[in-house]
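Have a look at the structure below, then the notes.
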Amino acid sequence: MCGIVAGIAQRNVVPILIEGLKRLEYRGYDSAGLAVVNQGEIFRKRELGKVKGLEALIASDPIAGNVGIAHTRWATHGKPSTQNAHPHVSKDKVAVVHNGIIENHDHLRTVLQQDGYVFTSETDTEVIVHKIAQELQSTDDLLAAVKSTIATLQGAYALGVVHADQPDVLIACRKGSPLVIGIGIGEYFIASDIAALLPVTQRFIFLEDGDMAELTINGASIQDEHGKRVVRPVIESQLKADSVDKGKYRHYMLKEIYEQAWAVSETLEGRFVNNKLQDTAFGHNAAEVFDQIKSVLILACGTSYHSGLVARYWLEKYARVPCSIEVASEFRYRNPVISPDTLVVTISQSGETADTLAALQEAKKLGVKHSLVICNVPESSLVRESDLVMMTRAGPEIGVASTKAFTTQLVALQMLLIAVGRRFELSREMEDNIVSELFGLPGNIEKVLKLDETIEVLSQRFADKHNALFLGRGTHYPIAMEGALKLKEISYIHAEAYPAGELKHGPLALIDAEMPVVTVAPNNNLLEKLKSNIQEVSARGGQLIVFMDEELAESSDENVQIIKMPSVANIISPIIYTIPLQLLSYHVAVLKGTDVDQPRNLAKSVTVE
């Protein structure tokens, strides 16, 4: 993996491909490459590092063509290197870009080597291009050769394929990895993400799993996994090319932190009538589904998993709904036992998280009848696989470290609490309170953002630190986990989160003046216990940073720096308290000089297992 852009047109596609790669940089990558067909030859350029390096390489030695493929690679098989960068070429005739993982590549490699094919990379992708070349020995139809090839592949793939002898054809196919077709005027494109193609079109076809497409300047011919010709709907995107620009902000992450009040408003918009949440916000048949369920199972990874942990507290505490949550990558291998009347809730910003998608499919095999996805990307794989859908409407999130996607997931989960909870033990009074707090949330977010300068000064405490500890209790323990994740993701400081009550069970041994301890301390029924934990740290010389309700009388001292937060209801406080932790991690990363939007070794959308 990580990003594919390709196109066929009546103009030079190289500038379009370069711009598309730039727009996919947010996904994370370590090398970039491009190949075009021109006058019966394939011309390829690859470069380790950023797209700007590839752009400079092409500027110094230009190539051009009306059909081409391009890729940003995030290393899976083989170290980051020019040789391992895509596109891969066979016999100077066939070129391929690939997202995904081919699980049987070792066997295919051995067979191809025995047939005389020479491998120049460590990648699993190279077996694909050599296999296509092998199939072309018995046919001159590129589509047929690709079709025969993918029949031998085990794993996940999205492919873009070109042939030097067929400059009027671009082949695309997908299985388990997303791919979209962009429709222009007399030109067609493919990409991993519509963001890559917004400068050239707003009309898209989302390929289904198992689809293959043959693109020419005259049209797109699509067949499904059974080889049957199909017509997929054309979707008109509402996104604009400038919707993924940084604007006045230094980094996408900071822009997205500041967009959270707007994003939350978008999540809530149109889903209430006379202050009452409509079940239809989750789908036309949501009421029927919610009436049948007896428990909830949440499946997610990373930041989305943390939002699910918060939701478990909410569903059990306020509605008395039995709720469990699993890391999606573990669930599918655990041989779990699930009741058929469980609502399986998947959470994913991209809707393409491979482990979460596979976990949902496994749950269906185990007999689960009802599924709901909370997602930010329409037409994504999880959206298409799920019975019910709650779109978060956060807009494009470019920074690898999720911010507005997380807060809008929490808002969506509060709406799920209402919709499901009213069928269990959620009182009408509590439902009204939640709705009122949700409507006031954008304003409270704006209040927290006014702490930005204070937190920027505070971040200097981390300038020479290598470790940090985050503490929370109840619903704020997952928020502490999210804060620790953000800090490690973008500043590369090792950070751990613990339930504050676990301090004496190990973490207290780490406390000294070199270990910053970040504590989330809202004014709730666990506050007094949390104060005791704070004193345990302070007494041992630990340097505490405490985000605390402004109505509390505590003040800073030599070891404790208190940041006063807006006073909000307990039900909404996890959303509010995550924002200063986002700002803290951002400013620490800037201070450290790391790549805030594209942290090393990480990808935005994890589309492989």
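The values are calculated or read from the model by the stated rules, or taken from the named source; none is laboratory data. All of these numbers come straight from a predicted model, not from anything done at the bench. Virtual Cβ from ideal backbone geometry, glycine too; neighbours counted across all protein chains shown.
Quick one: how many residues across the range 361-382 are in a helix (DSSP H, G or I) and either modelled with pLDDT under 90 or under 21 Å from residue 420 (Cβ atoms) (or both)? Of the residues in that region, 4 qualify. Of all the criteria given as (1) farther than 21 Å from residue 200 by Cβ; (2) aliphatic (A, V, I, L, M); (3) at pLDDT below 90, the one not satisfied by residue 48 is (3). Only a single criterion out of (1) in a loop (DSSP other than H, G, I, E, B); (2) more than 30 Å from residue 162 (Cβ to Cβ); (3) in contact (Cβ under 8 Å) with a residue 40 or more places away in the chain is not satisfied by residue 254, namely (1). Considering the range 313-330, and only residues there that are in contact with a Ser or Thr (Cβ under 9 Å, 6 or more places away or on another chain) and either among the aliphatic types (A, V, I, L, M) or buried (at least 21 other Cβ atoms within 10 Å of the Cβ) (or both), the residue that is modelled with the lowest pLDDT turns out to be 328. Of the residues that make up the range 402-414, is at least one basic (Lys, Arg) and surrounded by fewer than 23 Cβ atoms within 10 Å (Cβ to Cβ)? No - not one qualifying residue is present in the range 402-414. Among the residues of the range 168-191, those identified as in a loop (DSSP other than H, G, I, E, B) and within 19 Å of residue 15 (Cβ to Cβ) are 184, 185, 186, 187. Taken as a whole, the range 393-416 holds no residue that is part of a strand (DSSP E or B), at pLDDT 90 or above, touching a helix residue (DSSP H, G or I) at 6+ places or on another chain (Cβ under 9 Å) and within 27 Å of residue 498 (Cα to Cα). Has the range 293-302 got any residue that is over 23 Å from residue 355 (Cβ atoms) and touching a strand residue (DSSP E or B) at 6+ places or on another chain (Cβ under 9 Å)? Yes, the conditions are met somewhere in the range 293-302. In the range 587-599, what residues are closer than 11 Å to residue 250 by Cα and of a type outside the set (A, V, I, L, M, F, W, C)? Matches in the range 587-599: 597 only. Given the condition touching a His at 6+ places or on another chain (Cβ under 8 Å), closer than 25 Å to residue 251 by Cα and at pLDDT 80 or above, answer yes or no: does some residue in the range 535-551 qualify? Scanning the range 535-551, I find no residue that is touching a His at 6+ places or on another chain (Cβ under 8 Å), closer than 25 Å to residue 251 by Cα and at pLDDT 80 or above, so the answer is no. Can you find a residue that is part of a strand (DSSP E or B) and not assigned by the TED database to the domain that holds residue 354 anywhere in the range 194-201? No - not one qualifying residue is present in the range 194-201.
I need the full set of residues from the range 85-118 which are of a type in the set (S, T, N, Q) and more than 23 Å from residue 354 (Cα to Cα), in order please. Matches in the range 85-118: 90, 110, 113, 114. Summed over the range 464-487, residues that are surrounded by fewer than 24 Cβ atoms within 10 Å (Cβ to Cβ) and of a type in the set (S, T, N, Q) total 1. Taking the residues in the range 153-164 that are of a type outside the set (A, V, I, L, M, F, W, C) and modelled with pLDDT of 95 or more as candidates, determine which candidate is farthest from residue 90 (Cα to Cα). That would be 160. Scanning the range 135-186 for residues being buried (at least 21 other Cβ atoms within 10 Å of the Cβ), among the small types (Gly, Ala, Ser) and in contact with a strand residue (DSSP E or B) (Cβ under 6 Å, 6 or more places away or on another chain) gives a total of 7. Looking only at residues in the range 282-306 that are closer than 28 Å to residue 479 by Cβ and in contact with a His (Cβ under 9 Å, 6 or more places away or on another chain), the one that is surrounded by the most Cβ atoms within 10 Å (Cβ to Cβ) is 300. Filtered by the rule that a residue be within 20 Å of residue 167 (Cβ to Cβ) and either surrounded by fewer than 20 Cβ atoms within 10 Å (Cβ to Cβ) or not assigned by the TED database to the domain that holds residue 155 (or both), the range 84-128 gives 91, 92, 93.
A count restricted to the range 84-134 and to residues that are aliphatic (A, V, I, L, M), under 16 Å from residue 68 (Cα atoms) and not in a helix (DSSP H, G or I) stands at 6.
Can you pull out every residue in the range 259-296 that is under 13 Å from residue 423 (Cα atoms) and either among the charged types (D, E, K, R) or outside the structural domain of residue 428 (by the TED database) (or both)? Passing the criteria: 279, 288, 291, 294.
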